[in-house]
Amino acid sequence: MSEKKEEQVVSVTEVTTTHHNTFFQSVTNRYNKVEPESYLRRDDETSTRFWIRRLGQIKPVELLWGEAEHTELERALSAVQLVFVGLGSIIGTGIFVLSGLAAAKHAGPAVTLSFLIAAFAAALAALSYSELASMIPVSGSAYTYAYATMGEFVAWTIGWDLILEYMVGAATVGVGWSGYFVKLIQVIGNVELSKTWTKPTIKWDEKGVFFFIEEGEYFNVPGFVIILLITCILVVGIKEAAWFNAVIVTIKILVILIFIFSLCGYLNPDNFENYIPAATDDWHNFGASGVFSAATLVFFSYIGFDAVTTAALEAKNPQRDLPIGVIGSLVISTCLYLVFCTIMTGAAHYTLLNVATPVTVAVDEVIKRTGINFNWLNIIVAIGAICGLTSVLLINILGQSRVFYAMAKDGLLPDAFAKVHPRFKTPYIATITIGIITATLSAILPVDFLGNMTSVGTLLAFFIVHLGVLIMRFTRPDIERRFAIPGGKYFSLVFPVLGMIVSIVLICVAEVTTIWRLFLWMALGWIIYFAYSIRHSRFRTDPVGRFREATLPIGAKEDSTGYQVEEYTPFPASHEGESSHKV
């Protein structure tokens, strides 16, 4: 009797183990053995099941490698230039504009703690981005990583979400750029430019949750014009854009250092007494919760290091240099942020910093308190801020155009966005389109409305990247990682898990209206996906051609076997007659 029980136990254990192994093996095979024909509808598959399966079909890593080897874009960026790309996007609006708003509205002098919290979240994301970038050195950033790990629907969702990070983020910067441009003209020429043509058309009331129009403020002309000029530079070529970015990044770092060393001896200790102001009735404002709320806002300051990964197809040695660009730019910018904010809140009381140009307010307060003529510093700060914001505009529009390029190559956006200029080797149609839309947003929408949406959208993208690292660790452990998150095989997984938790926490402490706006934006994206993208995806119209295309020389229409890339009906003959696809 006991022997029979033992046999039954062994039998059940074997069946259970086999079931688990089969399940795990099927999941692993989804990433290891992807055949083009698997994207077609099977004979025994219903239409509903086919479309549901389509949502989760991935883009294999091997296919992405093929795209990287046969890119039409020019490989011109070194590791140092990639660090400058990161710094160009990171150091800008966060330090020159949002730092003052976060201190005045949410955290007081403890805004430095908010920057530390945001830096922690960004550092975790930087590790995950670096590991995936060393494995998948292809443009598209989080969109591409999501496609390789979670499938087309999640990839589209993140690609749509990245519009908030790059395009809407650039519009935010355009508003801040205009403010410092007006201040520079005022300091140099003692000329007060009219608000009629230097302020956005629409204002936003966060408490009342409504838009309104301020009388006499119609259009942000400076922001509109600078974005169009930046767009022209990006169309001309990546080498020219990289050189331009390196020059203005150098200038703005020098200006930040001059500001720090000029005012470090003139701080008012009284400004630090109420370091964390008492909380108000609104838990977003001051107190410990206010510090975290400010962290969500200033997280915008760290957006940019991930833009390095969007330039993967233009890097000379992407697997080695992308992690250097991501981590290097984040470390340098964090050090500058902490010292800069300490000087600014020590020079001026935090209640005075709720303006578009908080840095110049800090300088003016030192002048009032000491009588020392620091007007020259105001001029330098304004120039540095303009340079800093200009480089952010450049990198954000660069990043958005490369995401659109990657999505168009997959058929999720119109083919026009994937067209590369024959002379400049840049995705010019995508760049021009993004530039015009961004310039228009900058001209009419306010900085606080745009900035909050950008931060929350970026945190969602970071969450997906962390999840992508975990998925690839278990499904593709065989792939070489030129950079791996430190900690060994298992302890290293703590970092992406912690990153996911921090991202969700920072999203949850954002303004409720901001979260609702994120959901509405996502809903609009899903409507576009089901109405257009899923039906035009290259993995639906010609999966075999999409695979072969990645191995063809640039411009070739057929391979050595005579295969020609063409569209075909993605259904087997038993469903819709004979397929027009021939191999």
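The values are calculated or read from the model by the stated rules, or taken from the named source; none is laboratory data. What you see is a predicted model; the values in this text were computed from it and never measured. Using ideal geometry, Cβ is built from the backbone for each residue, glycine included, and neighbour counts are taken over all protein chains shown. Areas reflect the complete protein model, heavy atoms only, side chains present, ligands, DNA and RNA absent. Shrake-Rupley method; radii C 1.70, N 1.55, O 1.52, S 1.80 Å.
Restricting attention to the range 42-61, the residues being more than 24 Å from the chain's Cα centre (by Cα) and either part of a helix (DSSP H, G or I) or crowded, with 19+ Cβ neighbours inside 10 Å (or both) number 8. Selection of the range 396-446 for residues being open to solvent by 40 Å² or more (accessible area, probe 1.4 Å), touching a Phe, Trp or Tyr at 6+ places or on another chain (Cβ under 9 Å) and charged (D, E, K, R) yields LYS409, LYS419.
Here ARG482, ARG548, ARG517 are screened, and the one residue that is open to solvent by 40 Å² or more (accessible area, probe 1.4 Å) and either at pLDDT 75 or above or small (Gly, Ala, Ser) (or both) is ARG482.
Among the residues of the range 257-278, those that are among the aliphatic types (A, V, I, L, M) and at pLDDT below 90 comprise ILE276, ALA278. The number of residues in the range 392-424 that are touching a residue at least 60 places away in the same chain (Cβ under 8 Å) and farther than 22 Å from VAL544 by Cα comes to 15. Regarding GLU192, is this residue at pLDDT below 80 and not in a strand (DSSP E or B)? No, not satisfied.
Here is a yes/no grid of residues against (1) at pLDDT 90 or above; (2) closer than 20 Å to ALA241 by Cβ:
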{"residue": "PRO323", "(1), (2)": "no, no"}
{"residue": "LEU336", "(1), (2)": "yes, no"}
{"residue": "ILE343", "(1), (2)": "yes, no"}
{"residue": "ASN354", "(1), (2)": "no, no"}
{"residue": "PRO358", "(1), (2)": "no, no"}
{"residue": "TRP376", "(1), (2)": "no, no"}
{"residue": "ARG402", "(1), (2)": "no, yes"}
{"residue": "LEU412", "(1), (2)": "yes, no"}
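Determine, yes or no, whether GLU214 is within 20 Å of ALA315 (Cβ to Cβ), open to solvent by 70 Å² or more (accessible area, probe 1.4 Å) and either in contact with a helix residue (DSSP H, G or I) (Cβ under 9 Å, 6 or more places away or on another chain) or small (Gly, Ala, Ser) (or both). So GLU214 does not fit the description; no.
Checked against (1) without any contact (Cβ under 8 Å) to a residue 40 or more places away in the chain; (2) of a type outside the set (Val, Ile, Thr); (3) open to solvent by 60 Å² or more (accessible area, probe 1.4 Å); (4) in a loop (DSSP other than H, G, I, E, B), ASN274 passes all but a single condition, namely (1). None of GLY86, GLY100, GLY94 is among the small types (Gly, Ala, Ser), assigned to a helix (DSSP H, G or I), modelled with pLDDT under 80 and open to solvent by less than 10 Å² (accessible area, probe 1.4 Å) except GLY94. Does any residue of the range 253-266 turn out to be touching a strand residue (DSSP E or B) at 6+ places or on another chain (Cβ under 7 Å) and open to solvent by 10 Å² or more (accessible area, probe 1.4 Å)? So far as the range 253-266 goes, no, none of its residues is touching a strand residue (DSSP E or B) at 6+ places or on another chain (Cβ under 7 Å) and open to solvent by 10 Å² or more (accessible area, probe 1.4 Å). Checked against (1) open to solvent by less than 40 Å² (accessible area, probe 1.4 Å); (2) at pLDDT 80 or above, ARG538 passes all but condition (1). Of the helices (runs of 4 or more DSSP H) lying entirely inside the range 281-368, those carrying at least 1 residues that are over 30 Å from LYS239 (Cβ atoms) and of a type in the set (Val, Ile, Thr) are 287-298, 318-347.
Residues satisfying the criterion are present in the range 115-137 (criterion: buried (at least 24 other Cβ atoms within 10 Å of the Cβ), at pLDDT 90 or above, in a helix (DSSP H, G or I) and in contact with a His (Cβ under 6 Å, 6 or more places away or on another chain)).
Taking the range 158-195 as the range and being under 20 Å from ALA430 (Cα atoms) and open to solvent by 20 Å² or more (accessible area, probe 1.4 Å) as the test, only TRP160 passes.
Which one of these is in contact with an Asp or Glu (Cβ under 9 Å, 6 or more places away or on another chain) and of a type in the set (A, V, I, L, M, F, W, C): VAL505, VAL469, VAL509, VAL494? Checking each option against the conditions leaves just VAL469. Look through SER492, SER503 and report the one residue that is open to solvent by less than 40 Å² (accessible area, probe 1.4 Å), touching a Pro at 6+ places or on another chain (Cβ under 7 Å), among the hydroxyl-bearing types (Ser, Thr, Tyr) and over 30 Å from GLY237 (Cα atoms). Result: SER492 is the single residue among SER492, SER503 that is open to solvent by less than 40 Å² (accessible area, probe 1.4 Å), touching a Pro at 6+ places or on another chain (Cβ under 7 Å), among the hydroxyl-bearing types (Ser, Thr, Tyr) and over 30 Å from GLY237 (Cα atoms). Criterion first (of a type outside the set (Gly, Ala, Ser), open to solvent by less than 50 Å² (accessible area, probe 1.4 Å) and farther than 28 Å from ALA294 by Cβ) does ILE471 satisfy it? In short, yes. Here PHE462 meets the list (1) buried (at least 20 other Cβ atoms within 10 Å of the Cβ); (2) without any contact (Cβ under 8 Å) to a residue 40 or more places away in the chain; (3) under 21 Å from VAL326 (Cβ atoms) almost entirely, failing just condition (2).
The set of residues in the range 321-342 being open to solvent by less than 10 Å² (accessible area, probe 1.4 Å) and either among the polar types (S, T, N, Q) or more than 19 Å from the chain's Cα centre (by Cα) (or both) consists of SER329, SER333, TYR337, PHE340, CYS341. Does THR280 satisfy the condition of being β-branched (Val, Ile, Thr) and either under 27 Å from the mean Cα position of the chain (by Cα) or open to solvent by less than 50 Å² (accessible area, probe 1.4 Å) (or both)? Here the answer is no, as THR280 does not meet what is asked. The single condition among (1) under 30 Å from VAL512 (Cα atoms); (2) modelled with pLDDT of 90 or more that ILE230 does not satisfy is (1).
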